[in-house]
1. With just the Cα atoms defining each centre, how far is segment A:60-107 from segment A:1-41? Give it in Å.
2. What average count of beta carbons from other chains do you get within 10 Å of the Cβ of residues in B:40-53?
3. Report, ordered by chain and residue number, the lysines lying within cross-link reach of B:LYS9, taken as a straight Cα distance under 27 Å and ignoring same-chain residues fewer than 8 apart.
4. Find the relative contact order for chain A and round it to a whole percent, using C-alpha pairs within less than 8 Å whose residues are 6+ positions apart.
5. Enter the per residue convex hull volume of chain B, computed from alpha-carbon coordinates, in Å³ rounded to the nearest integer.
6. Per residue of A:89-96, count partner chain C-beta atoms within 10 Å of its C-beta, then hand back the mean as an integer.
7. Over all distinct alpha-carbon pairs, what is the Kirkwood Rh of segment A:1-87 in angstrom?
8. Under the Kirkwood approximation for Rh and a Cα-based Rg, what ratio Rg/Rh is obtained for the protein assembly as shown?
Amino acid sequence: GEDVEQSLFLSVREGDSSVINCTYTDSSSTYLYWYKQEPGAGLQLLTYIFSNMDMKQDQRLTVLLNKKDKHLSLRIADTQTGDSAIYFCAEKVTDKLIFGTGTRLQVFP
Amino acid sequence: NAGVTQTPKFQVLKTGQSMTLQCAQDMNHEYMSWYRQDPGMGLRLIHYSVGAGITDQGEVPNGYNVSRSTTEDFPLRLLSAAPSQTSVYFCASNPPGLRGETQYFGPGTRLLVL
């Protein structure tokens with residue numbers, strides 16, 4: 001079956017790095033995504049990675065994919081208070097997106 | 001482009017009432033989807049459409065109907081609202097293939113069923 005899991009909460013100090021983890025079960029996933037949801041808003045794509053890649057870096061964001069373990073992570077360098085939000089990972093299965101439960105990131109000064 | 005728009009933003013219903021959540025997109029996307037978001041459960045797919053005249057069920061379709069008479073619009077109907085349908089509803093659209101392209105999400109409709 002299709003299942004995507006994330007831890008529910010992460011709290012970090014401003015300026016530190018944040019690492020948000022995600023595990024998925026469907027090995028046929030071709031693309032994996034990270035979305036950000038700010039309070040009262042819809043989801044916004046942050047970055048994505050194709051399944052034949054191990055890593056993708058985009059400014060402060062680094063995505064690591066371990067396809068063998070079906071593990072995806074998002075690292076945010078120099079975390080800022082504006083990064084406080086809920087972060088969702090999602091896997092593409094056929095033409096549908098399967099979302100994780102979301103990780104609430106809280107950044108404190 | 002307005003992107004994906006949803007109306008209303010907020011709605012309170014009594015059990016048994018019916019209503020339609022509206023969703024429209026002006027990006028000429030073929031694919032449109034409806035999700036509900038509940039605490040600790042992420043987004044769950046309700047119904048989706050791969051083009052005008054074509055709809056299909058997602059993970060949690062019971063209690064909801066959809067239709068797709070035009071490319072632009074994808075309304076979600078609750079025929080007899082239940083408290084279990086209290087949630088935040090998101091509409092999304094995307095071009096076919098879902099490669100690097102993402103789904104574009106609307107701002108959401110917050111629904112409370114009493």
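What follows is calculated from the coordinates using simple rules that are stated; it is not laboratory data. This structure is a prediction, so every number in the text was calculated from the model and none was measured. Positions of Cβ are generated from backbone atoms using ideal geometry, with glycine treated the same way; all protein chains shown enter the neighbour counts.
1. 3 Å
2. Values: counts 3, 4, 12, 11, 2, 4, 0, 0, 3, 0, 1, 0, 0, 0.
If you average over the peptide's residues, the count of other-chain Cβ atoms is 3.
3. Output for B:LYS9: A:LYS36, A:LYS96.
4. Relative CO of chain A lands at 38 percent.
5. Looking at chain B, the number lands at 94 Å³ per residue.
6. That average works out to 3.
7. Averaging 1/r across every pair of different Cα atoms and inverting gives 13.6 Å.
8. On the Cα set of the protein assembly as shown, Rg over Rh gives 0.97.
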